[in-house]
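Asks: So that we are looking at the same thing, I have put the structure below in structure tokens.
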Amino acid sequence: MNEAPYDWFFSTIDLLRESGVPTQITSGMACVFRQKTSLNTKDCDIIILGEWEKAFEILSKLQRDGHDLVYRSPFSAPLDSKWMRGGWTSHFEWTGNPVAKLDIFGSPPRVLNDIGSDYFSTDETIASIKMTQRIRDWSTVHEMGLRLLKTQNQKGFLYLQTAEGIKKAMKAFSLSPEIIQQRPLLQKMDDSDILTLQAMIEVERKFWMSLDHHRINLYRNCSKPYILSAREILKEVTDLHRQHQLLVEIALEKLPFNPLEGKFEEVVRLASEEALKLVDRSRFSSELLPQNWARFTLIYKRVVVA
């Protein structure tokens, strides 16, 4: 292969954007390039907000020197508006050595605000996406919070993960009621010691991690019949157009458009219960958990023109 995988990613995003598909690089690659650090990755996460069918037609033509683009996982919804609006992700790869992976979000988890039209996701978008069940992602959440505060954006307070960092930052800001309402824990920053506040932050982080865990489990559990059929298709069919046609057919029968619909309260309740197992409830009120923020991240779906 003459090109590094990330050159493939850039040329792909360029083509999608030039064709009118609203596309943005997010997550790890966006972090790397926004912070201008070295890049060593064969994976790329992108957000596509609308025009998903058009995006598929463009991607289906991107064969590179014998490296075929295919769906790479049976836990991958077809790149189609019916599922992308409902929070599913489509997973692709260019075959060969090395493999280059391309994952596409249609409605990225926890991202509520306008992501803009930039080539790379904003610090706020990255921070929200990284609030996952994986411990390693939370250092990025904190770093994005610091970066937001450096630009005088109070939303950075939503993502800071150390009590010391929050207390220090609060000396330079007068927090708006909206920020405190979104993250209720901030109201305790003035009258609690560092160790107590850090413990509270750990409980809050457990809440977000549990929320992500239960959200993903809903998608996995309801997709089991689809996965069984999709696995056989991906074993036997290597042509992307044919894969897509067959996956759409079985998805219409076996894959719900939005597994979270009607499950919002249950997911928030389960996450709250798991987080509160860590504390003495007489000393930590459930009202300090960002339940309203979390609930809205589950309900919210972007209105896009497809």
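Asks: Please enumerate the residues belonging to segment 194-234 that are at pLDDT 95 or above, more than 25 Å from the chain's Cα centre (by Cα) and among the small types (Gly, Ala, Ser).
Replies: Selection gives Ser229 alone.
Asks: Could you list, in sequence order, the residues of segment 269-290 that are in a helix (DSSP H, G or I), more than 15 Å from Gln133 (Cβ to Cβ) and not small (Gly, Ala, Ser)?
Replies: Within segment 269-290, Arg269, Glu273, Leu276, Glu287, Leu288 qualify.
Asks: Could you tell me which residue of segment 235-245 is farthest from the chain's Cα centre (by Cα), considering only residues that are surrounded by fewer than 18 Cβ atoms within 10 Å (Cβ to Cβ) and assigned to a helix (DSSP H, G or I)?
Replies: Within segment 235-245, the match that is farthest from the chain's Cα centre (by Cα) is Glu236.
Asks: Looking at Asp191, Asp123, Asp114, which one is at pLDDT below 95 and crowded, with 18+ Cβ neighbours inside 10 Å? Before you say what the answer is, go through the steps one by one.
Replies: Values: Asp191 fails: crowded, with 18+ Cβ neighbours inside 10 Å; Asp114 fails: crowded, with 18+ Cβ neighbours inside 10 Å.
Within the list Asp191, Asp123, Asp114, the selection yields Asp123.
Asks: Ok, one more. So, in segment 68-111, how many residues would count as being within 13 Å of the chain's Cα centre (by Cα), among the β-branched types (Val, Ile, Thr) and either more than 21 Å from Leu260 (Cβ to Cβ) or modelled with pLDDT of 90 or more (or both)?
Replies: Qualifying residue count for the region: 2.
Asks: Let me confirm something: among Ile126, Ile179, which residue is under 30 Å from Asp68 (Cα atoms) and in a helix (DSSP H, G or I)?
Replies: Sole residue among the options that is under 30 Å from Asp68 (Cα atoms) and in a helix (DSSP H, G or I): Ile126.
Asks: Sort through Met200, Met209 and tell me the only one that's part of a helix (DSSP H, G or I), assigned by TED's automatic domain parsing to the domain that holds Trp293 and touching an Asp or Glu at 6+ places or on another chain (Cβ under 9 Å).
Replies: Met209
Asks: Follow-up. Could you please let me know if Leu79 is in contact with a Cys (Cβ under 7 Å, 6 or more places away or on another chain) and either farther than 30 Å from Tyr159 by Cβ or in the same structural domain as Gly28 (by TED's automatic domain parsing) (or both)?
Replies: Values: in contact with a Cys (Cβ under 7 Å, 6 or more places away or on another chain): no; either farther than 30 Å from Tyr159 by Cβ or in the same structural domain as Gly28 (by TED's automatic domain parsing) (or both): yes.
When the stated conditions are applied, Leu79 does not pass them.
Asks: Then there is this: So in segment 41-63, with the set limited to residues that are without any contact (Cβ under 8 Å) to a residue 12 or more places away in the chain and not in a helix (DSSP H, G or I), which one is surrounded by the fewest Cβ atoms within 10 Å (Cβ to Cβ)?
Replies: At the first step, the residues of segment 41-63 found to be without any contact (Cβ under 8 Å) to a residue 12 or more places away in the chain are 57, 61, 63.
Still in the running and not in a helix (DSSP H, G or I): 61, 63.
Numbers: Lys61: 10, Gln63: 12.
Ranking the candidates gives Lys61 first.
Listed here are the residues, each with its yes/no results for (1) at negative phi; (2) of a type in the set (A, V, I, L, M, F, W, C); (3) part of a loop (DSSP other than H, G, I, E, B).
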site	(1), (2), (3)
Lys101	yes, no, no
Val111	yes, yes, yes
Asp114	yes, no, yes
Ser117	yes, no, yes
Arg136	yes, no, no
Gly145	yes, no, no
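Asks: Starting from residues that are outside any loop (DSSP other than H, G, I, E, B) and of a type in the set (Gly, Ala, Ser), keep the ones in segment 212-234 and report whichever is surrounded by the fewest Cβ atoms within 10 Å (Cβ to Cβ).
Replies: By that ranking, first place goes to Ser229.
Let's see how each residue does on (1) in contact with a strand residue (DSSP E or B) (Cβ under 6 Å, 6 or more places away or on another chain); (2) modelled with pLDDT of 95 or more:
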position: Gln243; (1), (2): yes, yes
position: Leu252; (1), (2): no, yes
position: Val268; (1), (2): no, yes
position: Asp280; (1), (2): no, no
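Residue by residue, here is whether (1) in contact (Cβ under 8 Å) with a residue 60 or more places away in the chain; (2) crowded, with 19+ Cβ neighbours inside 10 Å; (3) assigned by TED's automatic domain parsing to the domain that holds Pro78 holds:
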| position | (1), (2), (3) |
| --- | --- |
| Phe264 | no, no, no |
| Val267 | no, yes, no |
| Leu278 | yes, no, no |
| Ser282 | no, no, no |
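Asks: All but one of (1) in the same structural domain as Arg136 (by TED's automatic domain parsing); (2) in contact with a Phe, Trp or Tyr (Cβ under 8 Å, 6 or more places away or on another chain); (3) modelled with pLDDT of 95 or more hold for Phe173, so report the exception by its number.
Replies: Result: Phe173 passes all but (3).
The values are calculated or read from the model by the stated rules, or taken from the named source; none is laboratory data. Everything numeric here is computed off the predicted structure, so don't read it as measured data. Neighbour counts run over all protein chains shown; Cβ positions are idealised from the backbone, glycine included.
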